[in-house]
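The values are calculated or read from the model by the stated rules, or taken from the named source; none is laboratory data. Everything numeric in this text was worked out from a predicted model, so none of it was measured. With ideal geometry, Cβ positions are generated from the backbone for all residues, glycine too; neighbour counts draw on all protein chains shown.
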Amino acid sequence: MKVGLYARVSTHDQQTLALQCETMAAYVQQRAWEIAVRVEEIGSGASERGQRETLMRAARRRAIDAIVVWRLDRWGRSLPDLVGTLHELQALGVGFISLSEAFDFTTPTGRAMAGLLAIFAEFEREILRERVKAGIAQARKRGKPHGRPPSVAHYGAEVQKLYAAGLSKSAIARQLGMSRTSVRRLIG
């Protein structure tokens with residue numbers, strides 16, 4: 001079986017990179033598998049992971065049969081990201097193994113765990129959606145505006161009146177709390 005290894009550390013946590021690589025290599029060697037691709041990445045979890053995409057391209061080309069990571073949080077930026085990539089790997093027929101959590105998605109039990117992760121990700125999205133809706137409803141109840149700011153078009157007559165009175169476009173913008181560009185558009 002050909003596998004890809006993925007190791008990632010943040011800039012604050014660089015001492016574990018060697019530990020991750022050694023642990024994964026020992027796991028692969030113990031199973032007499034072949035390391036086809038080895039990816040090491042340094043960067044925060046929030047940033048794009050270009051090297052991870054290299055591994056995903058190898059999976060799409062069927063150059064590897066499985067991906068091995070030290071921990072799940074090394075692979076996914078968030079639960080939805082993790083579930084999305086695991087779902088894609090499953091559709092490609094590429095296994096995914098996380099050593100620290102003892103997840104092996106190449107087995108029937110592991111595939112069931114992947115399904116549970118998908119359910120939890122959907123649950124997380126629904127809870128977030130409900131919280132946002134509740135927050136919007138509460139803000140509206142208190143009379144706070146929500147959404148795009150009101151259009152400046154209703155200031156048209158007032159802008160024309162102030163401009164005719166000799167005020168500069170900048171002065172009109174300051175007085176009415178809008179941009180000079182909006183004032184210029186309304187003056188024509």
Identify, from the list GLY84, GLY95, the residue that is assigned by TED's automatic domain parsing to the domain that holds VAL39, within 20 Å of TRP33 (Cβ to Cβ) and small (Gly, Ala, Ser).
GLY95
In this structure, does GLY147 turn out to be outside any helix (DSSP H, G or I), of a type outside the set (Lys, Arg) and not assigned by TED's automatic domain parsing to the domain that holds PHE103?
yes
Condition test on ALA66, is it touching an Asp or Glu at 6+ places or on another chain (Cβ under 6 Å), crowded, with 16+ Cβ neighbours inside 10 Å and among the aliphatic types (A, V, I, L, M)?
no
Could you tell me whether ARG125 is part of a helix (DSSP H, G or I) and touching a residue at least 12 places away in the same chain (Cβ under 8 Å)?
yes
Return yes or no: is THR106 outside any helix (DSSP H, G or I), β-branched (Val, Ile, Thr) and either modelled with pLDDT under 85 or exposed (fewer than 13 other Cβ atoms within 10 Å of the Cβ) (or both)?
yes
Which residues, counting only those in the stretch 150-162, are in a helix (DSSP H, G or I) and either under 32 Å from the mean Cα position of the chain (by Cα) or charged (D, E, K, R) (or both)?
GLU158, LYS161
